[in-house]
1. In the stretch B:135-146, what count of residues is obtained for those that are buried (at least 24 other Cβ atoms within 10 Å of the Cβ) and more than 20 Å from B:S192 (Cβ to Cβ)?
2. Residues in the stretch A:335-343: is at least one in contact with a helix residue (DSSP H, G or I) (Cβ under 7 Å, 6 or more places away or on another chain), outside any helix (DSSP H, G or I), of a type in the set (G, A, S) and not assigned by TED's automatic domain parsing to the domain that holds A:G211?
3. Could you tell me which of the residues A:L289, A:L331 is without any contact (Cβ under 8 Å) to a residue 24 or more places away in the chain, out of contact with any Pro (no Cβ under 7 Å at 6 or more places or on another chain), surrounded by 23 or more Cβ atoms within 10 Å (Cβ to Cβ) and not β-branched (V, I, T)?
4. For the stretch B:221-239, how many residues are within 14 Å of chain A (Cβ to nearest Cβ) and surrounded by fewer than 22 Cβ atoms within 10 Å (Cβ to Cβ)?
5. Restricting to the stretch C:1-49, give me the number of residues that are under 29 Å from B:G156 (Cα atoms), within 26 Å of the chain's Cα centre (by Cα) and of a type in the set (A, V, I, L, M, F, W, C).
6. Give me the strands (runs of 3 or more DSSP E) completely within the stretch A:36-98, filtered to those with at least 3 residues that are among the hydrophobic types (A, V, I, L, M, F, W, C), ordered by residue number.
7. Specify which of the listed residues (C:L109, C:L20) is modelled with pLDDT of 95 or more and either in a loop (DSSP other than H, G, I, E, B) or farther than 24 Å from B:A231 by Cα (or both).
Amino acid sequence: MPDLRFFRRSGPFTLSEIALHLDADDLSPDRGIISIHDIGDLDSAEPGQISVFTDTRYLDGLTRTRAAAVICKRGFTHHSVDSARLMFVKDPRLAYALAGHLFYPQQPLESGVHPTAHVDHTATIGHGSQIDVGAVIGRDVQIGRGCRVGPNTVLGDGVLLGDDSKIGANSSISHALIGRRVEIETGVTIGSQGFGFVPGHAGLMRMLQLGRVVVEDDVQIGANCTIDRGATGDTVIGSGTVIDNLVHIAHNVRMGRLCVICAQAGIAGSTEIGDGVMMGGQVGVGDHLRVGAGAKIAAKSGVVRDVDVNAVVGGYPAVPIKNWHRQTIGLGRLFNGALGNSAKE
Amino acid sequence: MPDLRFFRRSGPFTLSEIALHLDADDLSPDRGIISIHDIGDLDSAEPGQISVFTDTRYLDGLTRTRAAAVICKRGFTHHSVDSARLMFVKDPRLAYALAGHLFYPQQPLESGVHPTAHVDHTATIGHGSQIDVGAVIGRDVQIGRGCRVGPNTVLGDGVLLGDDSKIGANSSISHALIGRRVEIETGVTIGSQGFGFVPGHAGLMRMLQLGRVVVEDDVQIGANCTIDRGATGDTVIGSGTVIDNLVHIAHNVRMGRLCVICAQAGIAGSTEIGDGVMMGGQVGVGDHLRVGAGAKIAAKSGVVRDVDVNAVVGGYPAVPIKNWHRQTIGLGRLFNGALGNSAKE
Amino acid sequence: MPDLRFFRRSGPFTLSEIALHLDADDLSPDRGIISIHDIGDLDSAEPGQISVFTDTRYLDGLTRTRAAAVICKRGFTHHSVDSARLMFVKDPRLAYALAGHLFYPQQPLESGVHPTAHVDHTATIGHGSQIDVGAVIGRDVQIGRGCRVGPNTVLGDGVLLGDDSKIGANSSISHALIGRRVEIETGVTIGSQGFGFVPGHAGLMRMLQLGRVVVEDDVQIGANCTIDRGATGDTVIGSGTVIDNLVHIAHNVRMGRLCVICAQAGIAGSTEIGDGVMMGGQVGVGDHLRVGAGAKIAAKSGVVRDVDVNAVVGGYPAVPIKNWHRQTIGLGRLFNGALGNSAKE
């Protein structure tokens, strides 16, 4: 159960209330009476908690759990499980996530500007927004309603922050238009200069970086990421895209909607990433490439050519994932014998 | 055209004024009259803007552009392009970069120490420098003239910052001598402890890190980079070197002049990097190695041996780039058939 | 010799005092008189300094050094070296590290809360702790004795910081229980949301991240690292583990004791890392894996399967290191000729 030093819990709720919230069928005759006070994993749940059953591999856990109720998929039956304790839904993982949000709702903001924050007199701040200790809000910044700007975070001149967007501590945002319901973690840099130079009379001269960063609605950006602004035109992160920690996105990258970019990936300048692309951790994508919508790139791959729509690629340089698997298996057979390519010696 | 919320434009300038600034030949008879108010890409430029033509692949764009004038290479002619609209220079990309700096000059600093900044009374700050909101300047820090220390950035005791150097927001600099005209982005750490330990009586004991970081003139350091100080002696970044975001440079690395280090590269302890080395994104270089001057290292390579002067290497482990290409092509042929090593299945 | 702008030196000490501190045998007849004022490398040491001799490769340096005394291994003799200048110990590197700490002891803290720091009235701060300029200490935070919280660092509500732990500037810590004698560098994020989503009705819905980060005693965490809190349950860093810069540790990773994790490594969610594991720079480890105690993972490897106790692996995907070496050598022979796989062309 979550540490209440860090999380505030709502409830308790009856099974009926929960079922209503999750759009679930609940067959328990006592559903209006049984009180649930928390969520918990099958193995560690205590009486009075609700859990989830997502995979028949965990059937053992299901039969032994002490949870008062368990969310499972519609249609599931098993002779050794009392269906009176089950709550049936279409998508158990989603329902359990919703139950989490029911018991641990987002805390209300502490509306207002902390006296130690520094807000330029030309900035506007929407109703109900919270500007934390030591935050710095530049000239002509426009912050929507229900936003949070974390402690010691800096918004440079002209930045727009849409309604209900949240930024953690110690982040630095400039030259950026941020949409609604965007979540930006701590230590993030957005709007830094892109990395473009021309050889000049005395060394390298930086190309002026005169573009912006456009972060569309519902984007999530992990801790200590860096997103450079465009050289001319914009760097764009499409709506609903989620980005893990320590990811680098270079100038003029145009990323589509609903992408999933895992930690420490890096995307070089002017590359276009289609909608729904998934990228594993530590992936690198070269500059001026196109990654088609729906493509999947295995962790740590190095992409040096365009990737087709819905393609699945892996390796360095990245090739279709089947080819990569054949190569790694073949290499093991060729040089290490039949069992060579296992992690055991 | 740049978003004037974020950028302040100068001008307009006549073609003659621009030609003078760019050391260009302008054949237009009206060059003293035609007024240019902005720069713009060939494709999107509007009347009244100046653009650049860098590559015959873009000839189509050149013939169709609405730009009032286009910078191109001396000697260029084409039957379908009216040379009266062309401005001839030796190096179009450099000239266009200079034009950018003409229309979007660096904004003057707001000289002075913000009342919320904390400057130790033993620190000295040169004429015209700007110390932003919440910046922290330690004991005996010496800041030159025309410097900027961004919001909430921290300069530890004894740090030197040369004339005309700029540091973004939320950066942390200690144990460092920074040269002139250095640009450091946001979220950067310079001067942190190197990663060196000896097995001790009770676990690992850190070797004291008693060195410094020396950043020479005209260096640029990207967002969220980390540069450790030397263990004994210095970590050195040579003059004119440019470093992209999220790069790690370990203790006692000695990097030469005019190097180009792309994002997320990492260089391990005590390695020497010669002048003019270029390193792609996510490159890793082992410790105690020497990378010769002028060497080029392909993106994502893992360098485990010394690299010769002017060598071009790639792969993991890195080998001469031709060998690496032969290996990746050969692997594809061997295990995937003749066309196996393409990104298409 | 260290730059005294950045480091404060103690001493001088007589050879006898040093020998006592290092548990060393000192054969010098003048050991009670000879005064040593600093440490220094064999090559650069000046008279009055003490140095160390760790490897017979440096015998030349030993015979030529100007150091007044040299720490070396018990039993070492050489006809050309005057043993009166040697100080004999069991482990020269450790002894030299101890000598470093003798001459450059940790500076005493400046106990107290800086007036510009913001400490919630419900927080408690132990005796002798130093809360720096602009630091932000949230509700119910408990800080032990002898701690330091650096400038502009933010501790979120409920965070625990054990005795004698130090955090650098501009770091952001939330949802975390930090042990004793922990050192956290600048720009670090601890306690950020893990990267877990379920497809929802309108895009990706984040799984609530209701766990914590538990950092045990004597851990060291490098600059700009990110450590996510658990989804349910904890992300754990075992005691004595040392982590270099820009490392990413995902939610619910359980790392053992005395691990060494080099820069830019990344460990995906729920992976278990045994005691004493060593990971080179830029290593990636997949999610839900087990890396056995004592395993060593070569720099830049991509680990996609469990790793056995004490195994040594390398490559992408990682295999036993001998197999990887055979593969890279074999590849060179196959496609580049016998000498192909060298860094020289």
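1. Counting residues in the stretch B:135-146 that are buried (at least 24 other Cβ atoms within 10 Å of the Cβ) and more than 20 Å from B:S192 (Cβ to Cβ) gives 1.
2. There is at least one residue in the stretch A:335-343 that is in contact with a helix residue (DSSP H, G or I) (Cβ under 7 Å, 6 or more places away or on another chain), outside any helix (DSSP H, G or I), of a type in the set (G, A, S) and not assigned by TED's automatic domain parsing to the domain that holds A:G211.
3. Exactly one of A:L289, A:L331 is without any contact (Cβ under 8 Å) to a residue 24 or more places away in the chain, out of contact with any Pro (no Cβ under 7 Å at 6 or more places or on another chain), surrounded by 23 or more Cβ atoms within 10 Å (Cβ to Cβ) and not β-branched (V, I, T), namely A:L331.
4. Qualifying residue count, the stretch B:221-239: 1.
5. Matching residues across the stretch C:1-49 total 5.
6. Because the criterion is at least 3 residues that are among the hydrophobic types (A, V, I, L, M, F, W, C), the strands (runs of 3 or more DSSP E) in the stretch A:36-98 that meet it are A:69-73, A:86-89.
7. It is C:L109.
So that you can scan it fast, the table gives a plain yes or no per residue for (1) more than 10 Å from every other protein chain (Cβ to nearest Cβ); (2) over 20 Å from C:G134 (Cα atoms); (3) in contact (Cβ under 8 Å) with a residue 12 or more places away in the chain:
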site: A:A97; (1), (2), (3): no, yes, no
site: A:L109; (1), (2), (3): yes, yes, yes
site: A:T116; (1), (2), (3): no, no, yes
site: A:G126; (1), (2), (3): yes, yes, yes
site: A:V133; (1), (2), (3): no, no, yes
site: A:D140; (1), (2), (3): no, yes, yes
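The values are calculated or read from the model by the stated rules, or taken from the named source; none is laboratory data. Since this is a predicted model, take the numbers as computed values, not measurements. Using ideal geometry, Cβ is built from the backbone for each residue, glycine included, and neighbour counts are taken over all protein chains shown.
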